[in-house]
Amino acid sequence: SKPAKAVKDVVEAAAEKVVDVLTPDVPGAPGSAPPSVEEPTTPHDPLPPKKEQGTPETRTPTGAETGAPATANGQQGAYLTTSQGARLRDTDHSLKAGPRGPVLLQDHHLREKITHFDHERIPERVVHARGTGAHGVFEAYGTAETVTKAGFLRKGTKTDVFVRFSTVLGSRGSADTVRDTRGFATKFYTDEGTFDLVGNNIPVFFIQDAIKFPDVIHAGKPHPDREIPQAQSAHDTFWDFVSLHTEAQHHTMWNMSDRGIPRSYRTMEGFGVHTFRLVNEAGETALAKFHWKPKLGVHSLTWEEAQMISGMDPDFHRRDLYDAIEAGAFPEWELGIQVFPDTPEETFEGIDLLDPTKIVPEELAPVQPVGKLTLNRTPTNFFAEVEQVAFHPGHLPPGIDVTNDPLLQGRLFSYVDTQLTRLGGPNFSQIPINRPHAPVNDMFRDGFHQQAVHAGVAPYKPNSLDGGNPFVAGDDEHAFVDVPVTVTESGKVRANPVSFDDHFSQARLFWLSMSPVEKEHIIRAYTFELGKCYHQAIKERQLQCLANIDPVLCAEVATGLGLPAPEPTVPIADAAPSPALSQLGREWPGDGRTVGIVIDDDVDVADVGALRQAVFAAGMVPLLIAPHGGMVGDLPVQRTFATGRSVEFDVVLLAAAPAPAPDAVPARDAKAGASDSATVDPRVLLLVEEAWRHAKAIGAWGAGVTVLDGAGVAGTPGVVAGDSATDVFAAVQQLMAAHRVWERFPATVA
Ligand code: HDE
C-alpha cells in the first residue's frame with residue numbers, strides 16, 4: 001500500500017546517508033577533501049534598500065548634513081568586517097589550540113561578536129511594549145490656520161511622520177488581538193521642531209491624575225506571584241482596582257466594547273485624549289481635542305475571532321499593516337480638531353475640559369478636518385525604528401501648548417524619564433528615528449552614546465567666546481511661547497475639582513449610544529472578564545458600578561455571572577446618546593480586505609482567475625484555499641485546508657465543494673439534518689460555519705453551493721448563492737460595505 005512504500009523509501013534514503021558518511025571519498029565525510037562549494041569571495045554590493053524605502057537620515061543631531069553618501073546604511077562595503085572595519089575571512093570557527101583544543105582568550109573576533117550579542121536587548125517599554133510602526137506623510141488642509149500658528153498645519157504643508165501603534169498591557173512578544181486599549185502615537189518631523197501626538201484609540205483614560213498611573217498599570221499587568229495572565233484585563237487585580245477607583249469606569253466600558261478588539265490598526269480612530277491649548281499668529285488661544293478618523297471606518301473583530309487569531313496569527317495586526325502598505329493600499333486618516341473657547345472655567349456645555357475621563361460628544365462640537373495622514377513605508381529595521389522611537393507629549397511646536405489636565409502634566413515628566421533607562425542615557429534624540437528634521441542647537445553636551453562632535457568652546461549662555469551663539473528667537477522667528485495662563489489663587493492642595501467626581505454619567509452616555517448588537521457585545525465582554533475573576537467580592541463590586549451606569553446592563557451581566565443585580569447607589573444620570581460613537585449604520589470602502597476563495601482541482605480555472613483579478617481591482621486581497629499547496633492549473637494556492645482558518649478572511653467565497661481528504665481531521669460531527677455534509681471536507685464546513693458565526697458575508701456558485709447546504713447556512717442573511725463568480729462577488733461586496741452581516745448576532749437588549 002502507499003504508506004508502506006513511503007516508509008521503505010525513507011529507510012532506504014537514510015541507509016544511503018549512513019553509508020555516505022562512512023565512505024571517505026564522499027565530500028564532507030571524515031578524511032575526505034574539503035567541500036568543493038566555497039564561500040563566495042567575489043564582492044557583491046550590500047543589500048539594496050527594500051522597495052520604496054528612502055535613505056536613512058543623513059543629518060547630524062544639529063541638523064547639518066553628515067556628508068554620508070545618500071545610500072549610506074547599516075551595512076557598508078561588500079566584505080564581512082569586525083566592528084572596526086577589519087575584513088574577516090572566517091566567522092564560523094573560534095580560534096582554538098588545534099582542531100580539538102580549547103578556545104583561546106585572544107580570539108578578539110569571537111569575544112566582540114558574543115559580547116555584542118549578549119547586549120542586544122534593551123528593556124521593553126513598561127507600558128505599550130507590544131507595537132509596530134510605519135512611516136508616512138501628513139498634508140495640511142489649512143483649515144486650522146485661524147486657531148493655531150503651527151507651521152505644519154499651514155495649507156499644503158507636507159510633513160514626514162512616523163506612527164507607532166501598540167497594545168498597553170502585554171509584553172513585547174504578546175499577541176496583537178487581545179482586548180486592550182491601543183496606542184496611536186504620531187511623530188511629526190515639522191520644520192519648527194518635532195510634534196508628538198501620543199494618543200490612544202480610546203478618547204478617555206482610566207485615571208484623572210498621573211499619580212495613579214503606577215496603580216492602574218500594576219493592577220492591569222500580570223499577577224506578581226505567577227506572572228499570569230499575559231496581556232489581559234480579565235483577572236482579579238484589574239477588576240479589583242477599576243471597581244474601587246470608579247473614575248476608571250468610562251474607559252473600562254470602551255475596553256469592553258468592540259473598540260477593545262480592533263479589526264486592524266487601519267480601522268481605528270485615534271485620540272489625543274487631553275485638551276490642548278492652541279495659539280494663533282495673533283496670540284489668541286483656543287482649547288482643542290485631537291481626533292484621527294480612519295478612511296476605512298472604525299471596525300472590530302468579534303471576541304471569538306480575536307481569541308482564535310491570538311493563537312493562529314499572534315502578529316495579525318502587524319502583518320495586516322505591513323501587507324497593506326507593501327501592497328500599495330496605504331492606510332489614511334484625517335486629523336480633526338474639536339475647538340472650544342478658552343474660558344477661565346475651561347468647560348464646554350458643562351463638560352470639564354481638563355477631566356481626561358470625559359469626552360465632548362461630536363454632536364456638541366463637530367470634529368473639523370485639518371489634514372490627512374498617509375502611511376506609505378514600512379520600517380527598514382524594526383529595532384532601529386519601532387523599538388527605539390521615543391515619544392513625548394512635551395514635544396510641541398509653536399502654536400500648540402498644554403493645559404493643566406493633571407494627567408497630561410504628569411506625562412510631561414514621565415516620557416523623558418523612561419527613555420533614560422530604556423534607551424540608555426540622555427542622548428536618545430540623536431538616534432536616527434528620533435532626530436528632529438529641524439536644526440537643533442541645544443547646548444546639551446556629552447553623556448552616554450553621544451553621537452555628535454560639537455564644535456566651539458562655550459556651550460553656555462550668555463557667552464562672548466562663541467560670538468554669543470546660539471541666539472534666542474523672538475516671536476517673529478517662530479519661537480515656542482508658553483501661554484501665560486493665570487494660575488489658581490487657592491493655594492497648594494492635593495485635591496481634584498468637584499466636577500471630577502462624576503464617574504458614571506459618560507459611561508452611561510457611551511452605553512446608550514450603542515446599537516443593540518454593540519450592547520450585546522459589551523454585556524458578553526463584561527460577563528467574560530468578570531467570569532474570569534475568582535473573588536466574589538470583586539464581581540459584586542463591579543456589578544454595583546454597572547448598576548450605577550445602567551440597570552439593564554447590570555441585570556444582563558449579573559444573570560451571566562449567576563449573581564443578583566444590585567440597586568443603584570447613585571441617581572442614574574440623565575445622559576443623551578451620541579450616535580457618532582456607534583460603529584454601525586454607515587458604509588465603508590473595502591480596501592485591503594481579505595477574500596478567501598475555496599477551490600479544488602475541478603474548478604473552472606479561467607473563471608477563478610478572472611475572479612482573482614476582480615478582487616484585486618476592488619482593492620482587496622484574494623487568497624486561494626485548496627486541498628493541497630502548489631498550483632491548481634495556473635492558479636497559485638496561498639492556503640491549504642491545513643494552514644488556512646476562517647479568521648484570516650473578511651469574506652469566504654466557495655467555488656468548489658471539495659470531498660473529504662483521507663488525511664482530514666474531522667473537525668465536527670456531521671450536522672444533524674444537514675444534507676451533503678458527509679461529502680464535503682469537514683475543514684471547509686468548519687470554515688463556513690465560523691465565517692457565518694462571525695457574521696461575515698459568504699458567497700457560493702456552481703459546486704460551491706453544496707457547501708452552504710452542508711454547513712446548514714443556505715438561505716440565511718448575508719449568504720449569497722448565485723450563478724456566476726462575478727454576480728456573487730458583486731453581491732458580497734455590497735454586504736462588506738457594512739463590515740458585517742449584523743443581523744446574524746442575537747440582540748437581547750434594545
Ligand atoms: Fe503613556 N507612557 N502614560 N499614555 N503612552 C508611555 O513612554 C504615562 C497615557 C501612550 O509607541 C511610556 O516611551 C503616564 C495616556 C502611548 O512608544 C511612559 C501616564 C495616553 C505610548 C508612559 C500615561 C498614553 C505611551 C512607556 C499617566 C493617551 C506608547 C514607554 C499620566 C493619551 C508610545 C514610553 C510608543 C508610553 C507614561 C498615560 C499614550 C512610561 C505616566 C493618557 C501611545 O512614559
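The values are calculated or read from the model by the stated rules, or taken from the named source; none is laboratory data. A quick note: this is a predicted structure, and the numbers were derived from the prediction, not measured. Neighbour counts run over all protein chains shown; Cβ positions are idealised from the backbone, glycine included.
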Of all residues being part of a loop (DSSP other than H, G, I, E, B) and touching a residue at least 40 places away in the same chain (Cβ under 8 Å) in region 230-258, which is nearest to the chain's Cα centre (by Cα)? Just the residue, please. Ala231
Members of region 292-348 found to be surrounded by fewer than 20 Cβ atoms within 10 Å (Cβ to Cβ), under 15 Å from the mean Cα position of the chain (by Cα) and of a type in the set (Asp, Glu), listed by number: Asp313, Asp315, Asp323, Glu332
Residue hits (region 82-101; hydrophobic (A, V, I, L, M, F, W, C) and within 16 Å of Lys113 (Cα to Cα)) are Ala86, Leu88, Leu95
Selected residue [of a type outside the set (Ser, Thr, Tyr) and modelled with pLDDT under 95] from Ala656, Ala617, Ala626, Ala725: Ala617
Gly590 in contact (Cβ under 8 Å) with a residue 60 or more places away in the chain and crowded, with 18+ Cβ neighbours inside 10 Å: yes
Assess whether Val198 counts as being under 30 Å from Asp501 (Cα atoms), part of a strand (DSSP E or B), within 14 Å of the ligand (Cβ to nearest atom) and of a type in the set (Val, Ile, Thr). yes
Test of understanding: among Asp258, Asp196, which residue is surrounded by fewer than 23 Cβ atoms within 10 Å (Cβ to Cβ) and either within 29 Å of Val481 (Cβ to Cβ) or not aromatic (Phe, Trp, Tyr) (or both)? Asp196
Only one of these conditions is not met by Gly715: (1) modelled with pLDDT of 95 or more; (2) closer than 27 Å to Ile522 by Cβ; (3) surrounded by fewer than 15 Cβ atoms within 10 Å (Cβ to Cβ). Which number is it? (2)
Look at Glu284 and say whether it is surrounded by fewer than 21 Cβ atoms within 10 Å (Cβ to Cβ), under 30 Å from Ala219 (Cα atoms), not aliphatic (A, V, I, L, M) and not assigned by TED's automatic domain parsing to the domain that holds Ala738. no
Tell me, which residue of region 414-465 that is exposed (fewer than 12 other Cβ atoms within 10 Å of the Cβ) and in the same structural domain as Arg172 (by TED's automatic domain parsing) is nearest to the ligand (Cβ to nearest atom)? Asp417
Single match in Val493, Val472, Val498 (criterion: out of contact with any Pro (no Cβ under 6 Å at 6 or more places or on another chain), under 30 Å from Ser233 (Cα atoms), modelled with pLDDT of 90 or more and not basic (Lys, Arg)): Val498
Consider Arg411 carefully, then state whether it is basic (Lys, Arg), surrounded by fewer than 18 Cβ atoms within 10 Å (Cβ to Cβ) and either within 14 Å of the ligand (Cβ to nearest atom) or modelled with pLDDT of 95 or more (or both). no
Specify the residue that is farthest from the chain's Cα centre (by Cα); the eligible residues are those in region 146-178 that are more than 16 Å from the ligand (Cβ to nearest atom), part of a loop (DSSP other than H, G, I, E, B) and of a type in the set (Ser, Thr, Tyr). Thr146
Assuming Ile337 fulfils every condition listed in (1) more than 16 Å from the ligand (Cβ to nearest atom); (2) touching a strand residue (DSSP E or B) at 6+ places or on another chain (Cβ under 9 Å); (3) among the hydrophobic types (A, V, I, L, M, F, W, C); (4) not in a loop (DSSP other than H, G, I, E, B) apart from one, which condition is it? (1)
